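> I'd like to ask you about the structure that follows.
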Amino acid sequence: QVQLVEAGGGLVQAGGSLRLSCSASGSIFSINAMGWYRQAPGKQREVVATITSGESTMYADSVKGRFTISRKNAKNTVHLQMNSLKPEDTAVYSCNAQVSIVALRGPMDYWGQGTQVTFSS
(Lines give C-alpha, C1' and ligand atoms only; values in the text may rest on other atoms or scores of the structure.)
Protein backbone atom coordinates (compact mmCIF):
# COMPACT_ATOMS: atom_id res chain seq x y z
CA GLN A 1 0.00 0.00 0.00
CA VAL A 2 1.21 3.46 -0.92
CA GLN A 3 -0.19 6.63 0.59
CA LEU A 4 0.35 10.23 -0.40
CA VAL A 5 -0.41 12.91 2.15
CA GLU A 6 -0.69 16.53 1.04
CA ALA A 7 -0.55 19.71 3.05
CA GLY A 8 -0.19 23.43 2.59
CA GLY A 9 -3.33 24.46 0.78
CA GLY A 10 -5.33 27.35 2.06
CA LEU A 11 -6.60 30.86 1.54
CA VAL A 12 -4.44 33.38 -0.26
CA GLN A 13 -4.70 36.75 -1.94
CA ALA A 14 -3.61 37.70 -5.41
CA GLY A 15 0.14 37.94 -5.55
CA GLY A 16 0.51 35.83 -2.44
CA SER A 17 2.42 32.62 -1.91
CA LEU A 18 1.76 29.10 -0.72
CA ARG A 19 3.97 26.08 -0.26
CA LEU A 20 2.43 22.68 -0.86
CA SER A 21 3.96 19.48 0.46
CA CYS A 22 3.37 15.85 -0.39
CA SER A 23 4.86 12.86 1.41
CA ALA A 24 4.69 9.32 0.11
CA SER A 25 4.83 6.33 2.40
CA GLY A 26 4.13 2.61 2.37
CA SER A 27 5.40 -0.24 0.23
CA ILE A 28 7.76 1.82 -1.88
CA PHE A 29 10.64 0.23 -3.72
CA SER A 30 11.41 3.32 -5.75
CA ILE A 31 9.76 6.47 -7.02
CA ASN A 32 10.31 7.31 -10.65
CA ALA A 33 8.69 10.72 -10.58
CA MET A 34 6.40 12.95 -8.57
CA GLY A 35 4.26 15.85 -9.59
CA TRP A 36 1.44 18.23 -8.90
CA TYR A 37 -1.81 18.44 -10.81
CA ARG A 38 -4.77 20.73 -10.34
CA GLN A 39 -8.43 20.72 -11.19
CA ALA A 40 -10.84 23.62 -11.05
CA PRO A 41 -14.62 23.07 -10.86
CA GLY A 42 -15.96 22.08 -14.26
CA LYS A 43 -12.48 21.74 -15.69
CA GLN A 44 -10.26 18.82 -16.53
CA ARG A 45 -7.31 18.00 -14.35
CA GLU A 46 -4.11 19.46 -15.71
CA VAL A 47 -0.47 18.99 -14.92
CA VAL A 48 1.20 21.80 -13.02
CA ALA A 49 4.73 20.55 -12.47
CA THR A 50 6.63 17.29 -12.35
CA ILE A 51 10.04 16.17 -11.18
CA THR A 52 11.84 12.93 -11.94
CA SER A 53 14.17 10.87 -9.79
CA GLY A 54 16.98 12.52 -11.72
CA GLU A 55 15.73 15.97 -10.67
CA SER A 56 14.52 16.86 -14.14
CA THR A 57 11.59 19.28 -13.89
CA MET A 58 8.70 20.26 -16.11
CA TYR A 59 6.26 23.14 -15.69
CA ALA A 60 3.03 24.11 -17.33
CA ASP A 61 3.39 27.32 -19.31
CA SER A 62 0.80 28.99 -17.11
CA VAL A 63 2.93 28.60 -13.98
CA LYS A 64 6.44 28.76 -15.38
CA GLY A 65 8.48 31.36 -13.57
CA ARG A 66 6.06 31.48 -10.64
CA PHE A 67 6.01 27.92 -9.29
CA THR A 68 8.94 25.75 -8.26
CA ILE A 69 8.84 22.02 -7.65
CA SER A 70 11.46 20.32 -5.50
CA ARG A 71 12.26 16.95 -3.95
CA LYS A 72 15.15 18.18 -1.84
CA ASN A 73 13.21 18.71 1.36
CA ALA A 74 12.94 15.09 2.51
CA LYS A 75 12.89 11.50 1.33
CA ASN A 76 9.82 10.72 -0.77
CA THR A 77 8.59 14.26 -0.28
CA VAL A 78 7.86 16.85 -2.93
CA HIS A 79 7.18 20.55 -2.49
CA LEU A 80 5.51 23.06 -4.73
CA GLN A 81 6.41 26.65 -3.97
CA MET A 82 3.76 28.87 -5.51
CA ASN A 83 4.50 32.57 -5.82
CA SER A 84 2.66 35.44 -7.45
CA LEU A 85 -0.60 33.56 -7.22
CA LYS A 86 -3.46 34.57 -9.47
CA PRO A 87 -7.22 33.99 -9.16
CA GLU A 88 -7.00 31.50 -12.01
CA ASP A 89 -4.72 29.36 -9.85
CA THR A 90 -7.73 28.48 -7.70
CA ALA A 91 -8.14 24.71 -7.80
CA VAL A 92 -7.73 21.47 -5.94
CA TYR A 93 -4.09 20.54 -6.15
CA SER A 94 -3.30 16.83 -6.13
CA CYS A 95 0.01 15.10 -5.65
CA ASN A 96 0.99 12.28 -7.99
CA ALA A 97 3.75 9.73 -7.62
CA GLN A 98 4.91 7.04 -10.00
CA VAL A 99 5.84 4.28 -7.58
CA SER A 100 7.37 0.84 -8.03
CA ILE A 101 6.48 -1.45 -5.15
CA VAL A 102 8.68 -4.35 -6.29
CA ALA A 103 11.91 -4.61 -8.21
CA LEU A 104 11.90 -4.97 -12.00
CA ARG A 105 8.35 -3.72 -12.40
CA GLY A 106 7.12 -0.58 -14.04
CA PRO A 107 5.84 2.20 -11.81
CA MET A 108 2.20 2.71 -10.99
CA ASP A 109 0.46 6.04 -10.46
CA TYR A 110 -0.70 6.97 -6.99
CA TRP A 111 -2.65 10.06 -6.01
CA GLY A 112 -3.15 12.10 -2.93
CA GLN A 113 -6.60 13.29 -1.91
CA GLY A 114 -5.93 16.87 -2.93
CA THR A 115 -5.55 20.16 -1.13
CA GLN A 116 -7.61 23.25 -1.89
CA VAL A 117 -6.11 26.56 -2.93
CA THR A 118 -8.67 29.36 -2.64
CA PHE A 119 -8.52 33.13 -2.94
CA SER A 120 -9.87 35.45 -0.30
CA SER A 121 -12.78 37.71 -1.19
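The values are calculated or read from the model by the stated rules, or taken from the named source; none is laboratory data. Keep in mind it's a predicted model, so treat the numbers as computed, not measured. FYI the Cβ positions are ideal-geometry reconstructions off the backbone, even for glycines, and counts take in every protein chain you see. Ligands, DNA and RNA are stripped out before the accessible areas are found, and what is left, the full protein with its side chains, is counted by its heavy atoms. Shrake-Rupley method; radii C 1.70, N 1.55, O 1.52, S 1.80 Å.
> Please give the per residue accessible area of the stretch 20-76, computed with a probe of 1.4 Å over protein heavy atoms only, in Å².
Accessible area per residue, the stretch 20-76: 57 Å².
> Another question, if that's okay. If packing is taken as the mean number of other Cβ atoms within 10 Å per residue, what is the order of 76-85, 14-23, highest first?
Per-residue Cβ counts within 10 Å, averaged per peptide and sorted highest first, yield 76-85, 14-23.
> In the full protein assembly as shown, how much of Glu55 is accessible to a 1.4 Å probe, in Å² to the nearest 10?
90 Å²
> Please list 106-113, 93-100 highest first by mean number of surrounding beta-carbon atoms within 10 Å per residue.
Result, highest mean Cβ count within 10 Å first: 93-100, 106-113.
> Now for a separate question. In whole Å, how far is the Cα centre of the stretch 98-121 from that of the stretch 33-50?
Using only Cα atoms, the two centres lie 10 Å from each other.
> Measure off, as a whole percent, the carbon and sulfur share of the 1.4 Å-probe accessible area of the chain, all protein chains present.
Of the solvent-accessible surface of the chain, carbon and sulfur hold 47 percent.
> In terms of solvent-accessible area of protein heavy atoms at a 1.4 angstrom probe, what is the ranking of Val102, Val2, highest value first?
Output order, biggest surface exposure first: Val102, Val2.
> Report the net charge of residues surrounding Asn32, where surrounding means a beta-carbon distance below 14 angstrom and charges are Lys +1, Arg +1, Asp -1, Glu -1.
Net charge in that neighbourhood comes out at 0.
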